[in-house]
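I have placed the structure first, in the form of structure tokens, so that the comments after it can refer back to it.
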Amino acid sequence: MKPNISLAGVWLRKIACLLALFILGTTLPLAAAEKIRLGEIDPLSGHLAKPGQEIHQGILYAVEEANARGGVAGRPVELISRDDQSKPEVAVNQAQDLIFRQKVTGLVGGYVDSLVGPISQQAARNRVPYVASASLQQSIAGNKNPYFFRVSRLEGVVEPLCRFLTQTLKTRRVAILHAATPGSSEFSDSVQAHLRQAGSEVVLEDKFRPGSPDFSVFLLKLPPARVEALISGGFYADNLILVRQLRERPLGLKAFIAPWGVAYQSFIDEVGPASEGLFGACAWDPGITRPGTEKASQAFVAGFRKKFRKEPNTTTMHGYTSARALLAAIEQVLQGAGQLTGEAVSRALAHLDLQLPMERLAFDAHGDPRYYQQVIVQIQKQRLVVVYPPERARGRVDFSLAAR
Amino acid sequence: MWVGTPVIFTGLSLGSFYALIALGFSLILGIARAFNLAHGEMILLSGYLAFVLWHYFQVPFVFILLICSLVLVWVTIPLNYLLRRLPEPYGLNTLIVTLGLALLLQNLFLAWFSADYRLMTPAWPMVNVPWLNFSFPLHQGVLIVLALLVTGAVHLLLQGTFLGKALRATIQDREAAQMAGINVQRLSLAAFGLGGLLIGLAGPLFAQNMYLYPAAGVEATMIAIVVTIFAGLGRIRNILLGGWLLGLTQSATIFALGSRWRELVSAVLLLLLLYFRPQGFSLKKEG
């Protein structure tokens with residue numbers, strides 16, 4: 001009868017295995033369901049890969065920081081990152097994949113409005129909250145999309161820049177050269193309106209496709225038009241070429257000012273001494289932080305350096321800020337014992353008020369940040385020095401450098 | 001100073017840059033019938049090598065040009081052997097394989113050099129032309145001289161040597177050349193070698209006049225394709241004329257109409273050329 005007993009044992013083992021598999025099968029999805037899934041879409045390759053990867057690192061850091069603190073309301077956060085290859089159609093596909101297949105709680109990331117715009121439409125259509133890291137175009141936020149939020153706004157760039165030009169530099173004749181992107185074109189229009197109001201004149205305005213190899217012919221038009229200051233609405237790489245060609249032919253300008261791409265230590269390192277005296281704008285830098293948030297800023301810089309072995313910059317901070325906003329809203333929903341739906345997270349985002357190193361973050365009715373304000377910096381001795389607004393200035397404008 | 005002088009000079013310099021980018025592509029396409037979509041990425045490979053030599057080892061620019069040209073020969077020759085193994089339809093297959101190679105190189109650049117933009121900024125002095133009351137940065141002049149020298153050398157090679165005659169015969173009719181006893185496989189190797197030399201030369205110029213980033217090769221390949229269409233397949237001398245025509249058109253457009261019209265006017269010019277002279281703007285009529 002011994003074989004019968006062992007046969008029973010075999011059956012018992014089989015049943016035990018099946019039971020174990022059943023328990024594993026039922027508990028694992030539960031454990032997975034406990035995770036909060038965040039979707040991130042950024043240009044990690046293609047012509048916008050540099051800013052895209054910087055934003056990605058900021059978001060990744062924010063998620064890992066939250067997980068290191070024990071997660072959001074005790075639940076771990078999983079970041080699912082997707083590359084839009086700097087192409088709007090790929091951004092749409094990735095957004096759909098994250099929403100329908102990955103079933104993410106919210107979306108974060110995005111650089112330039114041509115990529116952020118299509119993602120925001122997908123988010124609105126499927127009621128998924130989306131916090132964009134770098135977007136300026138007013139129509140994106142202005143079309144009553146309750147699921148769209150962003151951490152930057154156009155006025156926060158244009159206002160300080162125009163006040164600096166008219167009040168500090170006292171320029172009357174200005175030229176604008178900007179990239180042919182929606183955000184940059186809107187920037188140009190807004191600057192023109194502000195300057196006209198302040199009594200200055202935009203005597204020359206032109207746009208170009210990002211990636212143009214030559215600006216020297218455009219620069220030839222500046223002296224006959226008696227331009228005092230040139231505003232560049234181009235991006236980091238465009239400014240590399242523009243500045244080099246500007247330095248080759250001194251045009252007697254009072255100032256060259258670029259809100260995007262100049263206020264970076266990597267730009268200074270790449271251009272070298274030719275960067276001296278240039279003006280840029282930024283919302284944050286390891287050496288430029290909002291009063292009262294120095295400690296948080298230092299902690300971020302130290303942690304970021306340790307993780308990525310590099311310096312964070314303003315683009316990284318935009319990524320970090322957007323992720324922090326989404327995580328804070330999710331936490332509010334969970335702590336209020338609410339269900340983690342798109343509507344609930346969007347409502348929480350709308351009522352958010354956070355003190356972050358880059359800005360005090362609270363959104364208006366359009367999802368725009370109420371307090372986002374950039375500062376004007378000048379490159380002096382290969383460092384970024386805040387020169388405007390006066391309450392945040394750490395140095396004075398060096399006119400000898402500006403006129404060089 | 002007459003206002004047209006800097007516009008023309010800039011146009012010629014820009015056109016020379018375009019021609020130098022396109023020469024290697026046109027030669028390989030004309031002789032080996034290989035549609036090299038990884039052309040731009042190979043220029044980037046040379047550009048990144050130039051950047052490393054300039055940034056980390058402070059190698060003078062002339063030597064950088066030499067080193068990059070020689071190194072790229074050793075990149076294009078294995079490519080020739082790889083493409084030679086492809087079955088018919090050969091042209092289409094080379095397109096697919098080189099597209100894959102382009103993607104591979106882009107990802108390698110991303111891993112090796114990160115997504116950061118790199119720019120070579122060697123200090124070039126300004127050159128003054130007193131009788132024209134005009135000054136220009138020397139690197140712009142170097143582009144024009146280099147384009148003339150390289151195009152002249154390739155033209156002389158094609159016109160004045162036995163190898164050149166064989167290469168021209170292959171460009172004109174590959175099958176007839178083969179029947180006449182020309183070893184087209186060996187000529188294909190020569191084309192890839194020469195093309196590699198030219199691609200290697202274009203890399204440092206690209207790094208200096210544009211900027212390097214992993215996806216920049218697409219831009220270079222587009223320039224090469226457009227200039228080759230302007231010139232007509234395998235017409236080396238016309239490559240320079242095509243580049244100049246494109247550069248001058250763009251400069252004049254920016255000056256007269258504004259930067260926003262640059263691409264549109266270039267595209268209209270290209271379409272007109274394709275419609276009226278699909279064989280390129282060769283001055284001579286086809287035989």
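Miscellaneous remarks
- Conditions (1) without any contact (Cβ under 8 Å) to a residue 40 or more places away in the chain; (2) within 14 Å of chain A (Cβ to nearest Cβ); (3) over 26 Å from A:Ala237 (Cα atoms); (4) not hydroxyl-bearing (Ser, Thr, Tyr); number of the one not met by B:Leu108: (3)
- Annotation: A:Thr181 fulfils all but one of (1) surrounded by 23 or more Cβ atoms within 10 Å (Cβ to Cβ); (2) within 22 Å of A:Gly52 (Cβ to Cβ); (3) in contact (Cβ under 8 Å) with a residue 60 or more places away in the chain; the unmet one is (1).
- Condition check for B:Leu86: more than 20 Å from B:Asn209 (Cβ to Cβ), in a loop (DSSP other than H, G, I, E, B) and touching a helix residue (DSSP H, G or I) at 6+ places or on another chain (Cβ under 7 Å): yes
- Residue ID - surrounded by the most Cβ atoms within 10 Å (Cβ to Cβ), chosen from residues in the stretch B:207-223 that are assigned to a helix (DSSP H, G or I) and facing another protein chain (nearest Cβ under 8 Å): B:Asn209
- Hits in the stretch B:80-112 - residues which are among the aromatic types (Phe, Trp, Tyr), surrounded by fewer than 17 Cβ atoms within 10 Å (Cβ to Cβ) and modelled with pLDDT of 85 or more: B:Tyr81, B:Trp112
- Filtered by the rule that a residue be buried (at least 24 other Cβ atoms within 10 Å of the Cβ) and among the aromatic types (Phe, Trp, Tyr), the stretch A:99-134 gives A:Tyr111, A:Tyr130.
- Those residues of the stretch B:103-124 which are in a helix (DSSP H, G or I) and in contact with a strand residue (DSSP E or B) (Cβ under 9 Å, 6 or more places away or on another chain), in sequence order: B:Phe109, B:Phe113
- Cβ pairs under 6 Å, 6+ apart, first in the stretch A:276-303 and within 25 Å of A:Val158 (Cβ to Cβ) and touching a residue at least 40 places away in the same chain (Cβ under 8 Å), second surrounded by fewer than 19 Cβ atoms within 10 Å (Cβ to Cβ) and of a type in the set (Lys, Arg): A:Gly277/A:Arg404
- Top-ranked residue in the stretch A:300-342 [being assigned to a helix (DSSP H, G or I) and hydroxyl-bearing (Ser, Thr, Tyr); ranked as surrounded by the most Cβ atoms within 10 Å (Cβ to Cβ)]: A:Ser322
- Options B:Trp54, B:Trp74, B:Trp2: the member that is part of a helix (DSSP H, G or I) and within 14 Å of chain A (Cβ to nearest Cβ): B:Trp54
- Among strands (runs of 3 or more DSSP E) entirely within the stretch A:164-266, having at least 3 residues that are within 12 Å of chain B (Cβ to nearest Cβ) singles out A:173-179, A:201-208.
Rundown of residues vs (1) closer than 19 Å to A:Gln373 by Cα; (2) touching a Leu at 6+ places or on another chain (Cβ under 9 Å), yes/no style:
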site: A:Leu161; (1), (2): yes, no
site: A:Leu165; (1), (2): yes, yes
site: A:Ala179; (1), (2): no, no
site: A:Asp206; (1), (2): no, yes
site: A:Phe218; (1), (2): no, yes
site: A:Leu240; (1), (2): no, yes
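- The set of residues from the stretch A:40-72 being charged (D, E, K, R) and not in a helix (DSSP H, G or I) comprises A:Glu40, A:Asp42, A:Arg69.
- Qualifying residue in the stretch B:153-166 (condition: more than 22 Å from the chain's Cα centre (by Cα), within 14 Å of chain A (Cβ to nearest Cβ) and of a type in the set (Phe, Trp, Tyr)): no
- Each residue in the stretch B:229-269 was checked for being buried (at least 16 other Cβ atoms within 10 Å of the Cβ), over 27 Å from B:Arg33 (Cα atoms) and away from chain A (no Cβ under 12 Å), and 1 of them qualify.
- Screening B:Val127 on (1) outside any strand (DSSP E or B); (2) closer than 28 Å to B:Ala207 by Cα shows it passes everything except condition (1).
- Residues of the stretch A:41-90 that are within 13 Å of chain B (Cβ to nearest Cβ), basic (Lys, Arg) and out of contact with any Asp or Glu (no Cβ under 6 Å at 6 or more places or on another chain): A:Lys87 alone.
- Residue in the stretch A:274-291 that is within 10 Å of chain B (Cβ to nearest Cβ) and either touching a Pro at 6+ places or on another chain (Cβ under 6 Å) or not hydroxyl-bearing (Ser, Thr, Tyr) (or both) present: yes
- Positions within the stretch A:139-163 being in a loop (DSSP other than H, G, I, E, B), touching an Asp or Glu at 6+ places or on another chain (Cβ under 9 Å) and of a type in the set (Lys, Arg), in sequence order: A:Arg153
- Counting only residues that are of a type in the set (Ser, Thr, Tyr) and closer than 17 Å to A:Ala281 by Cβ, the stretch A:136-157 holds 1 of them.
- The condition of being closer than 12 Å to A:Glu40 by Cα, modelled with pLDDT under 95 and of a type in the set (A, V, I, L, M, F, W, C) holds for only one of A:Val72, A:Val116, A:Val112, that being A:Val116.
The values are calculated or read from the model by the stated rules, or taken from the named source; none is laboratory data. All figures in this text were calculated on a predicted structure; none of them were measured in a lab. As a convention, Cβ positions derive from the backbone with ideal geometry for all residues, glycine included, and neighbour counts pool all protein chains shown.
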